Amino acid sequence: MAFIAPAPESSPSKAFERLLTVLNTLRLECPWDKKQTMESLRHLSIEEMYELADAILEKDMQEIKKELGDLLMHLVFYAKIAEEQNEFDIVDVLNSICDKLIHRHPHIYSDTEVKNEDEVKQNWETIKLQEGNQSVLAGVPKSLPALVKAFRIQDKVRGVGFDWEDKKQVWEKVEEELAEFKQEFDIQADDIISDKAEEEFGDLLFSLINYARHIGINPENALEKTNKKFIYRFTYLEAKAKELGKSLQEMSLAEMDVFWNEAKLSKTK
């Protein structure tokens, strides 16, 4: 039996209703959609989030639109599964986030006054603790990648006033941690890295992330842009080597540097 596909809509509410209608039909009729659980969707949702993140860094608006749709579908799918289990439905989800936003923005929906963004964040963290959170850091997911987690930890504690007063102090901390790492590394035997050296390197990275935050750089975005730049230049080098009928193993570093520098001049990514 063929189902009539609902037509595109022009209003946000009708378009959202269209998505609900399509997903409800797929859940009932599609063999793949019928089998999905929250657990089976989880890794796919993570993948979709990374694809959205890539599109944002690439500033590809059409791809961003596509990935937002994919992610939105997943969110609706989770709510549908919960509804089938008599736990909650999409209406509960939408009302829940609206209630939270209203409650945590008393400077908009009540008589609280704020002077700047920092006071908004401070109020947000204070309200979360009043709601029952045992720690300011309770909302930082354990499974976050370490670099992202460090940035979120620092941003969270900043919300309750635990932060450096001046970026110069943060840079001094970077230099201090660099010196401690260098001192620890210099005393290592050849090819043997101690737990202490690893610890000092971690401290150095944490302080660099902190400095990036203080000067308005998102370290995750910055590092990913560097990754993309390196990938572009290295694949350019591989392509040039192939044109010469050589493998990289057959080339000297001096020869590879020629093409690496060409790549740097040909495109900045």
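The values are calculated or read from the model by the stated rules, or taken from the named source; none is laboratory data. Just so it is clear, the structure is predicted and the values come from calculations on it, not from any experiment. Reconstructed Cβ throughout: ideal geometry from the backbone, glycine too, with neighbour counts over all protein chains shown.
I'm trying to understand the selection: among the residues of the range 59-68, which are surrounded by 13 or more Cβ atoms within 10 Å (Cβ to Cβ) and part of a helix (DSSP H, G or I)? Break it down into steps so the answer makes sense when it comes.
First, the residues of the range 59-68 that are surrounded by 13 or more Cβ atoms within 10 Å (Cβ to Cβ): 60, 63-64, 66-68.
Correct list: Glu63, Ile64, Lys66, Glu67, Leu68.
Looking at Lys80, Lys115, Lys121, can you tell me which residue is out of contact with any Cys (no Cβ under 8 Å at 6 or more places or on another chain) and either assigned by TED's automatic domain parsing to the domain that holds Phe16 or among the aromatic types (Phe, Trp, Tyr) (or both)?
Details: Lys115 fails: either assigned by TED's automatic domain parsing to the domain that holds Phe16 or among the aromatic types (Phe, Trp, Tyr) (or both); Lys121 fails: either assigned by TED's automatic domain parsing to the domain that holds Phe16 or among the aromatic types (Phe, Trp, Tyr) (or both).
Of the residues listed, the single one that is out of contact with any Cys (no Cβ under 8 Å at 6 or more places or on another chain) and either assigned by TED's automatic domain parsing to the domain that holds Phe16 or among the aromatic types (Phe, Trp, Tyr) (or both) is Lys80.
Output the residue which, of all residues in the range 1-54 that are in a loop (DSSP other than H, G, I, E, B) and in contact (Cβ under 8 Å) with a residue 24 or more places away in the chain, is farthest from Leu75 (Cα to Cα).
Within the range 1-54, the subset in a loop (DSSP other than H, G, I, E, B) is 1-11, 30, 36-37.
From what is left, the residues that are in contact (Cβ under 8 Å) with a residue 24 or more places away in the chain are 3, 36-37.
Values: Phe3: 23, Gln36: 13, Thr37: 12 Å.
If we take residues in the range 1-54 being in a loop (DSSP other than H, G, I, E, B) and in contact (Cβ under 8 Å) with a residue 24 or more places away in the chain, then Phe3 is farthest from Leu75 (Cα to Cα).
Considering Met61, Met1, which residue is modelled with pLDDT of 95 or more and either farther than 30 Å from Gln122 by Cβ or in contact with a Cys (Cβ under 7 Å, 6 or more places away or on another chain) (or both)? Steps first, please.
Values: Met1 fails: modelled with pLDDT of 95 or more.
Only one candidate passes the filter, namely Met61.
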>> The conditions are (1) surrounded by 13 or more Cβ atoms within 10 Å (Cβ to Cβ); (2) part of a helix (DSSP H, G or I); (3) of a type in the set (A, V, I, L, M), and Leu144 fails exactly one of them. Which is it?
In response: (2)
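So which helices (runs of 4 or more DSSP H) are wholly in the range 159-266 and hold at least 3 residues that are of a type in the set (D, E, K, R) and surrounded by 15 or more Cβ atoms within 10 Å (Cβ to Cβ)? Let's see the steps before the verdict.
On the way: elements: 167-186, 195-214, 219-243, 253-266.
Per the criteria, 167-186, 195-214, 219-243.
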> So which pairs qualify, if the first residue must be in the range 134-154 and under 18 Å from Leu204 (Cβ atoms), the second must be among the charged types (D, E, K, R) and surrounded by 11 or more Cβ atoms within 10 Å (Cβ to Cβ), the Cβ gap must be under 9 Å, and the two must be at least 6 apart or on different chains?
Replying inline: Pro145/Glu220; Leu147/Glu220; Val148/Glu220; Phe151/Arg213; Phe151/Glu220; Gln154/Asp163; Gln154/Arg213
>> I'd like to know if the range 30-46 contains one or more residues that are over 21 Å from the mean Cα position of the chain (by Cα), surrounded by 12 or more Cβ atoms within 10 Å (Cβ to Cβ), more than 30 Å from Leu223 (Cβ to Cβ) and among the hydroxyl-bearing types (Ser, Thr, Tyr).
In response: no
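Is it true that Ala146 is modelled with pLDDT of 95 or more and closer than 29 Å to Arg42 by Cβ? Outline the logic, then answer.
Numbers: modelled with pLDDT of 95 or more: no; closer than 29 Å to Arg42 by Cβ: yes.
The answer is no for Ala146.
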> Only one of these conditions is not met by Asn86: (1) over 25 Å from the mean Cα position of the chain (by Cα); (2) assigned to a helix (DSSP H, G or I); (3) loosely packed, with under 10 Cβ neighbours inside 10 Å. Which number is it?
Replying inline: (2)
